[in-house]
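The values are calculated or read from the model by the stated rules, or taken from the named source; none is laboratory data. Note that the structure is predicted; figures quoted are calculated from it, not measured. Here the Cβ positions follow ideal geometry from the backbone for every residue, glycine too, while neighbour counts run over all protein chains shown. Ligands, DNA and RNA are stripped out before the accessible areas are found, and what is left, the full protein with its side chains, is counted by its heavy atoms. Shrake-Rupley method; radii C 1.70, N 1.55, O 1.52, S 1.80 Å.
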Amino acid sequence: DEAGLKKYWEPETNDQLQLLADRFEALLEFSHASIETALRQLAEELQIKPTKLIHPTRLVLSGRTIGPGLFETIELLGKETVVRRLRHAIEKFKTV
C-alpha cells in the first residue's frame, strides 16, 4: 500500500521496527498478550504513541493499513514469520 507507506513510514520507523523485531524475537511466549505488552512497553520507552509502531507493523505484515486485530494477526503468523518480515521491511525501506 503505497499511500500507507507514505503516511506511516517516517525516518525513525526503521530503528523503531528493529527494536520491535528484537523484542518479538526475545519473547518466550508468543501470545496475543505478550505481543501487545512488548509493543506497548517499547512505545512507552521510546515515548511515542503505540500507533507509531502499530500502523507500520500492520503495513509490513499484511501490506494493508487496515485489517483484523494486529496482535491476533501477529500471533497467527508466528514469531519466525513476523520477525523475518519486519527485518526484510527494515532493509527494503532504508531509504524511505
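Using a simple charge model, +1 on the beta-carbon of Lys and Arg, -1 on the beta-carbon of Asp and Glu, nothing else, what dipole does the chain show about its Cα centre, in debye to the nearest 20?
On the way: 14 positive and 15 negative charges, 68 e Å.
Computed charge dipole of the chain: roughly 320 debye.
Keeping to pairs on different chains or 8 or more places apart, tell me how many lysine pairs in the chain have Cα atoms under 21 Å apart.
Value for the chain: 12.
Rg and Dmax in Å for the chain, alpha carbons only: what are they?
12.0, 35
If the chain between Arg84 and Lys6 were fully stretched, how many nm would it gain, using 0.36 nm times the residue separation less the Cα-Cα distance?
Details: separation 78, 0.36 × 78 = 28.08 nm, distance 2.20 nm.
Length gained between Arg84 and Lys6: 25.9 nm.
What number comes out for the charge environment of Leu61, summing +1 per Lys or Arg and -1 per Asp or Glu over other residues with Cβ under 14 Å away? Don't skip to the end; give the middle numbers.
Numbers: positive: Arg58, Arg64, Lys79, Arg84, Arg85, Arg87, Lys92; negative: Asp1, Glu72, Glu75, Glu80.
Summing Lys and Arg as +1 and Asp and Glu as -1 gives +3.
If I stretch the segment between Gln41 and Leu77 completely, what's the gain in nm (0.36 nm per residue apart, minus their alpha carbon distance), one decimal? Intermediate results must be reported in sequence, preceding the final value.
Numbers: separation 36, 0.36 × 36 = 12.96 nm, distance 2.12 nm.
That works out to 10.8 nm of additional length.
Can you check what the net charge comes to around Arg87, using other residues whose Cβ is under 15 Å from the Cβ of Arg87 (Lys, Arg +1; Asp, Glu -1)?
On the way: positive: Arg23, Lys79, Arg84, Arg85, Lys92, Lys94; negative: Asp15, Asp22, Glu25, Glu80, Glu91.
With Lys, Arg at +1 and Asp, Glu at -1, the net is +1.
Report the relative contact order of the chain, percent, no decimals, based on alpha-carbon pairs under 8 angstrom and at least 6 residues apart.
Taking the mean separation of contacting Cα pairs over the length of the chain, I get 42 percent.
Considering only protein heavy atoms and a 1.4 Å probe, what is the carbon-and-sulfur percentage of the accessible area of the chain?
The C+S portion of the solvent-accessible surface of the chain is 53 percent.
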